[in-house]
Amino acid sequence: DTEVTQTPKHLVMGMTNKKSLKCEQHMGHRAMYWYKQKAKKPPELMFVYSYEKLSINESVPSRFSPECPNSSLLNLHLHALQPEDSALYLCASSQEGRGQETQYFGPGTRLLVL
Amino acid sequence: EDQVTQSPEALRLQEGESSSLNCSYTVSGLRGLFWYRQDPGKGPEFLFTLYSAGEEKEKERLKATLTKKESFLHITAPKPEDSATYLCAVAAGGSYIPTFGRGTSLIVHP
């Protein structure tokens, strides 16, 4: 099973709202990722968790706050977003060892900020 | 700096018209090259991982090949349902995190 699940599928929020995106995998992967993707662009890396610890933050604004409660779950907390944050948010997971780097992606959450 | 370049940016084919997509890379110490298919508004779907020059993998109408500088995704007798964006990504050196190319948008006309 190579499934990564994400909820919700769609989210509309105002600039003053607080919301969270959720991601789950049961492949035993120890690396989990958040990506942001705009239309007709490749995925843009936001955060990487390795063994439940934040290992990479690609200079993402603090209105995005990641959390990894355990090895299977990844959250992205959203607060005071801007309209330009509207995008498809993708979660992915992988292992880290050589020969195990293949990332598996979830279906994404389509976010619209009004 | 590691670079991944995909070409063409867009490709239109007639159903049954075979072609190839290219992914060229300039990295030190390739760890893996990955191909994904992405439909609009959905997450990338994993297709293949290639690790070393000369390696080939096939799945239905798709065949991926790898040399020391580039990878090709060959599409044989494509069907309209093969229409999608195909993404290439490369992991190299000490990092397991891949760098993505900009993708090739493929449209197959019936």
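Determine which member of the set A:P61, A:P43, A:P69 is in contact with a Leu (Cβ under 8 Å, 6 or more places away or on another chain) and not β-branched (V, I, T).
Working: A:P61 fails: in contact with a Leu (Cβ under 8 Å, 6 or more places away or on another chain); A:P69 fails: in contact with a Leu (Cβ under 8 Å, 6 or more places away or on another chain).
Criteria check complete, one pass: A:P43.
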Worksheet item: Taking into account only those residues within the range B:14-28 that are part of a loop (DSSP other than H, G, I, E, B) and polar (S, T, N, Q), which is farthest from the other protein chains (Cβ to nearest Cβ)?
Response: B:S18
Worksheet item: Do we find a residue being of a type outside the set (A, V, I, L, M, F, W, C), surrounded by fewer than 17 Cβ atoms within 10 Å (Cβ to Cβ), more than 10 Å from the chain's Cα centre (by Cα) and closer than 14 Å to A:P42 by Cα anywhere in the range B:4-14?
Response: yes
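Quick one: in the range A:70-106, which of the residues that are under 20 Å from A:P42 (Cβ atoms) and among the acidic types (D, E) is surrounded by the fewest Cβ atoms within 10 Å (Cβ to Cβ)? Even if it seems obvious, please write down each step before you answer.
First pass over the range A:70-106, keeping only residues under 20 Å from A:P42 (Cβ atoms): A:76, A:84-94, A:101-106.
Remaining after also requiring among the acidic types (D, E): A:84-85, A:101.
On the way: A:E84: 8, A:D85: 18, A:E101: 23.
Across the range A:70-106, the extreme among qualifying residues is A:E84.
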Worksheet item: When only residues in the range B:29-50 that are in a strand (DSSP E or B) and at the interface with chain A (Cβ under 7 Å from one of its Cβ atoms) count, which is farthest from A:A87 (Cα to Cα)?
Response: B:R31
Worksheet item: Is there a residue in the range B:53-64 that is under 30 Å from A:T7 (Cα atoms) and either of a type in the set (G, A, S) or within 13 Å of chain A (Cβ to nearest Cβ) (or both)?
Response: no
Worksheet item: Of the numbered conditions (1) without any contact (Cβ under 8 Å) to a residue 24 or more places away in the chain; (2) more than 21 Å from B:A89 (Cα to Cα); (3) within 14 Å of chain B (Cβ to nearest Cβ), A:C23 satisfies every one except a single condition; which is it?
Response: (1)
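Among the residues in the range B:71-85, are any at pLDDT below 95 and not hydroxyl-bearing (S, T, Y)? Working first, answer last.
So the first thing to find is which residues in the range B:71-85 are at pLDDT below 95, and the list is none.
There is no residue in the range B:71-85 that is at pLDDT below 95 and not hydroxyl-bearing (S, T, Y).
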Discussion item. When you scan the range B:53-65, do you find a residue that is within 27 Å of A:L90 (Cα to Cα), in contact with a Cys (Cβ under 8 Å, 6 or more places away or on another chain) and buried (at least 21 other Cβ atoms within 10 Å of the Cβ), even just one?
Written reply: no
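Tally up the residues in the range A:26-51 that are away from chain B (no Cβ under 14 Å) and within 14 Å of the chain's Cα centre (by Cα), please.
Keep residues of the range A:26-51 that are away from chain B (no Cβ under 14 Å), which gives A:26, A:28.
Cutting the leftovers down to within 14 Å of the chain's Cα centre (by Cα) gives us none.
Adding up the residues that qualify gives 0.
Specify the residue that is nearest to the other protein chains (Cβ to nearest Cβ); the eligible residues are those in the range B:72-110 that are more than 30 Å from A:S55 (Cα to Cα) and buried (at least 20 other Cβ atoms within 10 Å of the Cβ). Even if it seems obvious, please write down each step before you answer.
Filtering the range B:72-110 down to residues more than 30 Å from A:S55 (Cα to Cα) leaves B:72-84, B:104-110.
Of the ones still in play, those that are also buried (at least 20 other Cβ atoms within 10 Å of the Cβ) are B:73, B:75, B:78, B:84, B:104, B:106, B:108.
Values: B:L73: 16, B:I75: 20, B:P78: 21, B:A84: 13, B:T104: 11, B:L106: 13, B:V108: 18 Å.
Ranking the qualifying residues of the range B:72-110, first place goes to B:T104.
So, restricting to strands (runs of 3 or more DSSP E) that lie completely within the range A:1-107, which ones have at least 1 residues that are modelled with pLDDT of 95 or more and within 23 Å of B:G41 (Cβ to Cβ)?
On the way: elements: A:4-7, A:10-13, A:18-25, A:31-37, A:44-50, A:53-57, A:64-70, A:73-79, A:87-94.
Filter on the range A:1-107 gives A:4-7, A:10-13, A:18-25, A:31-37, A:44-50, A:64-70, A:73-79, A:87-94.
The values are calculated or read from the model by the stated rules, or taken from the named source; none is laboratory data. None of these values were measured; they are calculated from a predicted model. Positions of Cβ are generated from backbone atoms using ideal geometry, with glycine treated the same way; all protein chains shown enter the neighbour counts.
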